[in-house]
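Heads up: the structure comes next, in structure tokens.
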Amino acid sequence: MRVFKYDFVRAAAMSFVVAVHCLPSVALPNQRTNFTFVILQTLFLTGNVIFFMMSGKFNLRQRKDDNDLITFLLRKVREILVPFLVIGLLVTLLHPSPSPGTTGFLREYVKNISFQFNGTAYWFVFTLFGLLLASPFLAKIFCYISKLEKKVFVVLCLGFNLLFVVAANLGQQFAWFWPFAQWTFVFCLGSFVEDYEPKGKLFAFVSIAGVAAIVLTAILINHGVDRYMQDLSPIYIFAAIAVYFILLRLGEQIQSSGHVKLQAIISFVAKHSYTVYLCHMIVVDTLRPLLPAIPPNMAFVPFLLLFPAALVLAVALAFMLDVTLVSWAKRLYSVMIGRAHKLACE
């Protein structure tokens, strides 16, 4: 059963990701414009942290039995990997291979889905998919973790992330290993972060502190402290958590307002959000060259034109892909798994 406030958060986080990839359309004629750009970029990139936390929230759950475990793993391949392979094929078709012919295309496709896409907007799939496959095993920890263990876990993870970020900004590589550092921490945090959702006056304080954390991050970036400051730094993770709580509250307010049509639109967008993540760069890259020339004093106008158009068209493209290519590929996968299971039982 879908819960609307989480649909709202999914749709918002997805919109943030589309927005951050539309931001490069902004001209940067002066320092003030540049600072506004970094503020917006910092805000929009919280969508990545929120996406990973929500993935942890809904996947770090105890499996009933061995059959449930196998079903879960096969479903994640179907829901995460199969769409990635389909849209990766489409993206490879749209960007011709340096090597001609079918062999060159297939070689480029294999390189893309194996490692080349990791340096693009599709990086998150390479990280998320492994975490999802590990989630049944991680769930055995986080379904039974005590309040004290949660606090110690957070302190240790933030500490290791801080050392990692500081070392990176000093031009060094942090060598000490911690299995729950970086994005693994964010994913696992999603399983219990709402246990600490602020209420009343504390909500206002956390919201203001979250805004302050975004501004502080932008100031540090403008002063050259820019490595991992918009994903793994403790300041930024706190900012993203604050944005997450704000979005949950807004989702609850929209639901209680009784705007049924608005809720239906948001839930529709949320349903196709993963495919939007995968296909939106096709739309952004197509629309960006069509933007008109804008005077320097109107630096953000291209973004204001590009973002809503890209968002609407990306949702439309995601819907069409979900009901055609992606749906067909999922059915083929299910048939193949069913036949393999049948052969294994004979």
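The values are calculated or read from the model by the stated rules, or taken from the named source; none is laboratory data. Keep in mind it's a predicted model, so treat the numbers as computed, not measured. Cβ atoms come from the backbone with ideal geometry, glycine included; neighbour counts cover every protein chain shown. These area figures cover heavy atoms from the full protein model, side chains too; ligands, DNA and RNA do not enter into them. Shrake-Rupley method; radii C 1.70, N 1.55, O 1.52, S 1.80 Å.
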Inset, instruction - Mind ranking 128-140, 236-248 by how tightly packed they are, going by the mean number of other C-beta atoms within 10 angstrom, highest first? - result: 236-248, 128-140
Legend entry - Anisotropy class of region 1-145 from Cα gyration tensor, a/c 1.5 cut: oblate
Inset, instruction - Let me know the charge dipole size of the chain about its Cα centre in debye, to the nearest 20, where only the beta-carbon of Lys, Arg (+1) and Asp, Glu (-1) is charged. - result: 500 debye
Inset, instruction - Provide the gained length on full extension for the span Leu262 to Phe35, in nm with one decimal, where the gain is 0.36 nm per separating residue minus the Cα-Cα distance. - result: 78.4 nm
Inset, instruction - Would you mind computing, in nm to one decimal, how far apart the modelled labels at Leu162 and Ile145 are, each placed 7 Å from Cα along Cα→Cβ? - result: 1.8 nm
Legend entry - Accessible area of region 146-287 belonging to carbon and sulfur atoms, whole % at 1.4 Å probe: 69 percent
Legend entry - Heavy-atom accessible area per residue - the chain, 1.4 Å, Å²: 52 Å²
Legend entry - Packing rank of 148-157, 34-43, 169-178, 1-10, where each peptide gets the mean count of other beta carbons within 10 Å, highest leading: 34-43, 1-10, 148-157, 169-178
Inset, instruction - Quick one: of Lys57/Lys151; Lys57/Lys147; Lys76/Lys147; Lys57/Lys150; Lys5/Lys57, which pairs are farther than 19 Å apart, Cα to Cα? - result: Lys76/Lys147
Legend entry - Extended-chain gain in nm, criterion 0.36 nm per residue less alpha-carbon gap, Ala209 and Asn118: 29.5 nm
Inset, instruction - Determine the relative contact order of the chain: mean sequence separation of Cα pairs under 8 Å and six or more apart, normalised by residue count, in whole percent. - result: 34 percent
Legend entry - Proximal aspartates and glutamates to Lys199, defined as alpha-carbon separation beneath 14 angstrom and excluding residues fewer than eight positions away on the same chain: Glu252
